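What follows is calculated from the coordinates using simple rules that are stated; it is not laboratory data. What you see is a predicted model, and the numbers here were worked out from it, not measured in a lab. Positions of Cβ are backbone-derived with ideal geometry, glycine not excepted, and every protein chain shown enters the neighbour counts.
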Amino acid sequence: MSDINEYLDNSTGIDVNDLLIAYILFADDLILCSETPEGLQTLLNQLQIFCSKWHLILSPTKSKIMVFNKRKVAKNVVFTFNNSVLEIVFEYKYLGVIFSSNTNDCFKKNGEHLASKARKATFALNSYIKNSVGYLNPRQSLHMFDKQIVPILDYACDVTYGSTSNYELEKVHLNYLKYLLCVKPCTSSKAVYAELGRFTLETKHKIQVLKYWQRLLNMPDGTPIKHAYNELFSLQSSRHRNWCSFVKQILIDVDMEDIWLNQDISDKNIRAIKCLLHENFIRDTLTGIEDSEKSPKLRSYKLFKTDFRLENYLSCIRNRSHQIALSKFRVSSHNLRIETGRYDRNPKLEPHERLCIYCTSNCVEDENHFILGCPLYKNQRRLLFNICKRNIDNFDSLNDENRFIKIMSSKNEIIIRNLGKYVYNCFNIRSKYSR
Ligand SMILES: [Zn+2]
């Protein structure tokens, strides 16, 4: 293919910042490009001559035409190769990325495509784990997910960043986190990230974008890719939204617009931005959890969840059922009246009216009542409290709210394991009474 440029007319390509590009060659994949239909047909004819000279056969069914244009393609435009009409398509997968035409977002189908691939791979990974080792704890499962699935979701993220379809990628990630905790799909995302100490994929993709931007800036002038960057840069300066706008926005969001203005970013800058992005994400997540108006489901969670990390109980409770029960309980993915009462419409129940129906105390059936108050669980509670008395200073003299916080936020493995067991056993007792 090395002499292909001798055949292709290099006066009919597309103008990229004063560099005319008529074709892009990657291994045996060839793209011909032109700004006019006539120009493209000329290139196709020249390619035909090249192919006959070297006895190469080009598959007309695999070769497609794409028109990048906001207007519709005129119906009478036809492109031929070796007397076969080539199909005009609106989407094409090139080097693993789906490109779409006729749109402001040429990666608008790519997120969905990667998400679907990642979902299939997740399913295969889960089956493999189930059939080989049976069960991995959440820390080990996350490690597997990061090694096997995240690379699919990260594919070409530095280039496709900013596409509206990328929210599909985070959906796969978040669904997996909820699957690990065995919580309901409607569980607060903030609580799920905080419980597992996870950042969104977007946080990571921003860093990938900055690293790619750094590589672009360091490329010598004259390379086609540098021309393409300069073109995007000048379009962005005249208020056209494109990839450069996204880079600029990432920097503005961390108060580092001067880096954009200087068009220079060091490794040290990137490391500092990574820390800032993480700090901001943690702060926003914890503030969101604190905000009872926006997250009424997290009214108990916010009392004991103050740090952002993979919780101890996820590795120290070895009984899977106990661990799941505790996960559900902590993030309010349970069926205590405080939660189920929100769906009562006839009459509509305010939180203070969602009373426990398993005792006569007239108390709201919330997490606090479940752990400290409801007489239905008094035998289980005696065992748990005995352990708390031995491991929490002045447990007897604490008021109810402080007892609840101390138990739920304890880092003591004996308390954590017994709490998991308590929650699991008490929910079983409760479900027997509901029948
Ligand atoms: Zn009760």
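Output ³J(HN,Hα) for the range 156-166: one whole-Hz value per residue in order, computed from phi by the Karplus curve 6.51 cos²θ - 1.76 cosθ + 1.60 with θ = phi - 60°, and x for Gly and Pro.
Here the 3J(HN,Hα) series is 6, 5, 5, 8, 8, 3, x, 5, 5, 7, 6 Hz.
Where nothing but the Cβ of Lys and Arg (+1) and of Asp and Glu (-1) is charged, how large is the charge dipole of the chain around its Cα centre, in debye to the nearest 20?
Computed charge dipole of the chain: roughly 2860 debye.
Cut-off is 10 Å between beta-carbons; in what order do Arg198, Arg119 appear when sorted fewest neighbours first?
Listed from fewest to most nearby Cβ atoms, that is Arg119, Arg198.
For the chain, report the translational diffusion coefficient in µm²/s to the nearest whole number, using Stokes-Einstein at 4 °C, 1.567 mPa s, and a Kirkwood Rh over Cα pairs.
So the translational diffusion coefficient is about 49 µm²/s.
Report the one residue of Asn399, Val89, Ala74 whose Cα lies farthest in the direction of the positive end of the charge dipole of the chain (charges on C-beta: Lys and Arg +1, Asp and Glu -1; origin at the Cα centre).
Asn399
Could you name the lysines in cross-link range of Lys120, using Cα to Cα under 19 Å and dropping any fewer than eight places away on the same chain?
Lys93, Lys109, Lys130, Lys147, Lys171, Lys178
Which parts of the range 218-254 would a label at Asp264 reach, counting a residue when its backbone N lies under 19 Å from a point 7 Å out along Cα-to-Cβ?
Residues passing the 19 Å test: 218-221, 230, 248, 251-252.
Give me the net charge of Ile265's neighbourhood, meaning all other residues with Cβ under 13 Å from the Cβ of Ile265; Lys, Arg count +1, Asp, Glu -1.
So the surrounding residues net to +3.
Could you tell me the calculated FRET efficiency between Asp400 and Lys348, based on Cβ-Cβ distance and R0 = 30 angstrom, to the nearest 0.05?
E(calc), rounded to 0.05, equals 0.60.
With 10 Å bins from zero, work out the P(r) of the range 19-117 over every alpha carbon pair and list the percent per bin.
Answer for the range 19-117: a P(r) of 13, 44, 33, 9, 0 percent.
Give the residue from Ile317, Ile250, Gln214 lying farthest towards the positive end of the charge dipole for the chain; charges sit on Cβ (+1 for Lys and Arg, -1 for Asp and Glu) and the dipole is referred to the Cα centre.
Ile317
Taking 1 over the mean of 1/r across every pair of different Cα atoms in the range 246-354, what Kirkwood radius in Å do you get?
Every distinct Cα pair counted, the radius reaches 17.6 Å.
Taking the simple approach of a point 7 Å from Cα along Cα-to-Cβ for both Trp54 and Leu25, what is their distance in nm?
The answer from the label model is 0.6 nm.
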